[in-house]
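Every number here is computed from the coordinates shown, using simple stated rules; none is lab data. Note that the structure is a prediction, hence the values are computed from the model and not measured. A quick note on method: Cβ atoms are made from the backbone with ideal geometry, for glycine too, and the neighbour counts reach across all protein chains shown.
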Amino acid sequence: MNKSNPHPIWHIANLEREVATGKVTTVHYTVDLESDQYRAGAYGSIGVDGEIAVPFKDLTEATVIQWVTDQLGEEKLQEIGL
């Protein structure tokens, strides 16, 4: 990681889903940001609304991270320094 130009590192910690349908209902995530002087991390959860077009078995971390960042929105991401 280039510490003079930090970027967020996202990970999906856990997914909650309805077993019968495979629909994801909650995403638990972590995000870390590190610079030359500081390191910060956060853990959060979001509820997933609407229909999911990707079968549970085919979900990737990148897809779920996109759901999280889309739901948080640009304004919230900028507010928290991401």
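Each residue of the range 7-17 is assigned a 3J(HN,Hα), and the resulting list reads 9, x, 10, 9, 9, 8, 7, 6, 10, 9, 8 Hz, derived from the Karplus form 6.51 cos²θ - 1.76 cosθ + 1.60 (θ = phi - 60°), x at Gly and Pro. Each stretch of four or more DSSP H residues adds -39500 (n - 2.57); spread over every residue of the chain, this sum gives -8000 deg cm²/dmol at 222 nm.
Distance between the modelled labels on residue 17 and residue 45, one decimal in nanometres: 1.8 nm (7 Å Cα→Cβ projection).
Taking 4 °C and 1.567 mPa s as conditions, the chain diffuses translationally at an estimated 93 µm²/s according to Stokes-Einstein applied to its Kirkwood radius (Cα pairs). Once backbone amide H atoms are built at 1.01 Å from N, residue 17 has 25 as its partners under 5 Å, excluding neighbours fewer than 5 places away on the same chain.
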